[in-house]
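Input: a single structure, listed below in structure tokens.
The values are calculated or read from the model by the stated rules, or taken from the named source; none is laboratory data. None of the values given here were measured: they were computed from a predicted structure. With ideal geometry, Cβ positions are generated from the backbone for all residues, glycine too; neighbour counts draw on all protein chains shown. Areas reflect the complete protein model, heavy atoms only, side chains present, ligands, DNA and RNA absent. Shrake-Rupley method; radii C 1.70, N 1.55, O 1.52, S 1.80 Å.
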Amino acid sequence: MNYVDNEFVNSMFKNQYYLVPGPDNIQVGMTFPTKDVAIQSHNISFSIDCTYTILVHIYHTTYRKTWVAKQKAIEIIYNNWEESYKELPRWILAFKHYLPGTVTDIEVGPFIEDDQRVPSKAVFHRLFWSFQPCIRGFDHCKPVVSVDGIWLYEKYRGTLLMEIAQDGDGHIIPIAYVIVDGETSDGYTMTQPSITYFRRQISDWSQDAVKWLDDIPKEQWLQAYDEGTHNFPISSLVQATYYRVTAEFEERETHAQAMMTSSLIYSNTIIQNLNKEQAMSNSHEVVIHNRVHSIFTVKELVRPPSGRPVGTFKVDLDKIWCDCGEFQALHYPCSHVIAACSFIHRDYMMYVSSKYTLQCIFDVYKEEFPAIPLQSYWPEYNRIELCHNPAMRRDPKGRPQSTRIHTEMDQREKNTHPKICGLCRNEGHSKNKCPYRSDAPNKN
């Protein structure tokens with residue numbers, strides 16, 4: 001057994017002996033007071049009375065050091081940002097060559113050097129891409145499309161926009177991807193004539209919609225009225241979309257096929273939702289108005305879980321209508337429709353949309369993604385060299401600042417209640433400075 005010299009021991013604690021863990025005793029999560037202790041733990045062990053003591057030392061790093069370390073790790077794994085832009089055209093060409101039906105569209109600008117345009121180079125501006133399995137899978141999704149955005153917070157500014165749909169089991173499926181400059185790009189800018197034109201179009205459709213729109217301050221949804229104005233290596237970002245969506249398609253297709261093999265018809269999600277609605281329908285009172293046309297009024301006797309007041313709703317089964325709106329929006333029976341169907345002994349499952357069937361969910365993911373080979377087998381690329389846009393370079397000093405357009409969901413209500421101590425519940429101080437703490441300096 002190798003012992004540490006007295007100077008080393010005394011430097012830790014006087015008149016006290018501690019075990020420096022050997023290689024066989026090193027565990028995840030152990031910490032050491034200094035680097036020297038950690039190094040000696042590989043070949044020195046010390047024991048007394050079979051008692052093991054671990055010395056704890058916490059090292060606090062600065063935000064800047066952590067950020068720089070992260071940037072270096074990303075460059076080692078995914079290449080640097082500038083080289084990533086040069087690799088992007090090759091990935092687009094590989095998509096079109098090995099993934100038939102993939103739609104891509106890239107917009108570039110001229111590369112200017114010494115006040116002269118360089119024909120062999122171009123500056124990246126925007127990129128759109130969509131995979132064929134996603135396009136075909138949308139035919140079997142719910143008829144609703146949403147747009148989600150991820151703000152790129154790394155070396156170069158930008159925004160990844162995704163057009164997404166939802167299958168019958170509640171999973172989202174990306175239909176298309178777009179990388180743009182950000183929310184402050186021209187695609188979000190509307191001039192006053194454009195605003196007037198679209199407002200008139202909405203007015204012809206619904207006056208209530210115009211009133212709802214006018215109640216929202218223009219600076220929250222129009223760039224023209226905004227007073228103020230996130231990035232991963234771009235090639236790695238584009239290829240990650242391919243590998244991730246491929247894995248998701250395979251996993252969900254296998255799951256849907258396994259469920260169908262179990263002789264199930266509908267997804268677990270829709271069955272759970274229908275069971276909740278059926279439980280609520282037991283507390284409804286139904287009055288039939290027209291048996292031929294299946295028109296009812298359904299009165300709620302118990303307040304629903306959503307918290308809204310009880311009410312009476314008209315149900316028209318022939319027109320697929322319920323005053324609550326859930327029947328039309330979700331395309332499966334709400335509790336009022338289930339109550340009406342039970343009243344006339346009709347199977348309410350006939351009103352469940354086919355989008356919720358396991359067969360339809362399987363059809364979303366049945367298209368396969370072909371495999372992309374190693375880059376050494378790719379077709380040769382001899383076109384223009386794509387470069388980064390220097391204007392999109394993020395300020396290297398300080399933390400990244402968000403330029404996202406804020407809407408009403410970003411507004412925070414002002415807290416009118418005074419802050420109180422977490423210990424004594426009195427105002428004027430926090431629990432860290434509470435005079436009633438056991439370790440308070442002025443405590444008698």
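Residue selection: Lys65 fails the criterion of being open to solvent by 60 Å² or more (accessible area, probe 1.4 Å) and touching a Cys at 6+ places or on another chain (Cβ under 8 Å). Number of residues in region 110-164 that are part of a loop (DSSP other than H, G, I, E, B) and either more than 30 Å from Tyr332 (Cβ to Cβ) or aliphatic (A, V, I, L, M) (or both) equals 8.
One residue stands out among those in region 209-249 that are open to solvent by 20 Å² or more (accessible area, probe 1.4 Å), of a type in the set (Gly, Ala, Ser) and under 24 Å from the mean Cα position of the chain (by Cα): the one that is modelled with the lowest pLDDT, which is Ala240. Checking the stated criteria, Val302 turns out to be open to solvent by 70 Å² or more (accessible area, probe 1.4 Å) and of a type in the set (Val, Ile, Thr). Residues in region 305-317 that are crowded, with 19+ Cβ neighbours inside 10 Å and among the β-branched types (Val, Ile, Thr): Val315 alone.
No other residue among Ile372, Ile344, Ile320, Ile338 is among the aliphatic types (A, V, I, L, M), out of contact with any strand residue (DSSP E or B) (no Cβ under 9 Å at 6 or more places or on another chain) and open to solvent by less than 40 Å² (accessible area, probe 1.4 Å) apart from Ile372. Restricting attention to region 151-178, the residues being aliphatic (A, V, I, L, M) and surrounded by fewer than 15 Cβ atoms within 10 Å (Cβ to Cβ) number 1. Candidates Tyr377, Tyr351, Tyr365: the one that is under 28 Å from Ala247 (Cα atoms) and surrounded by 15 or more Cβ atoms within 10 Å (Cβ to Cβ) is Tyr365. Using the structure shown, decide if Trp81 is touching a helix residue (DSSP H, G or I) at 6+ places or on another chain (Cβ under 6 Å) and among the aromatic types (Phe, Trp, Tyr). Spelling it out, it is not the case that Trp81 is touching a helix residue (DSSP H, G or I) at 6+ places or on another chain (Cβ under 6 Å) and among the aromatic types (Phe, Trp, Tyr). Within region 278-299, the set of residues being surrounded by 12 or more Cβ atoms within 10 Å (Cβ to Cβ) and among the polar types (S, T, N, Q) comprises Gln278, Ser281, Asn282, Ser283, Ser294, Thr297. Here Ala258 meets each of (1) modelled with pLDDT under 95; (2) farther than 25 Å from Ile173 by Cβ with one exception, condition (2).
This table checks each residue for (1) touching a Ser or Thr at 6+ places or on another chain (Cβ under 7 Å); (2) open to solvent by less than 50 Å² (accessible area, probe 1.4 Å); (3) among the charged types (D, E, K, R).
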site: Ile74; (1), (2), (3): no, yes, no
site: Glu83; (1), (2), (3): no, no, yes
site: Pro89; (1), (2), (3): no, yes, no
site: Tyr98; (1), (2), (3): no, yes, no
site: Gly101; (1), (2), (3): no, yes, no
site: Pro110; (1), (2), (3): no, no, no
site: Asp115; (1), (2), (3): no, no, yes
site: Val123; (1), (2), (3): no, yes, no
site: Leu127; (1), (2), (3): no, yes, no
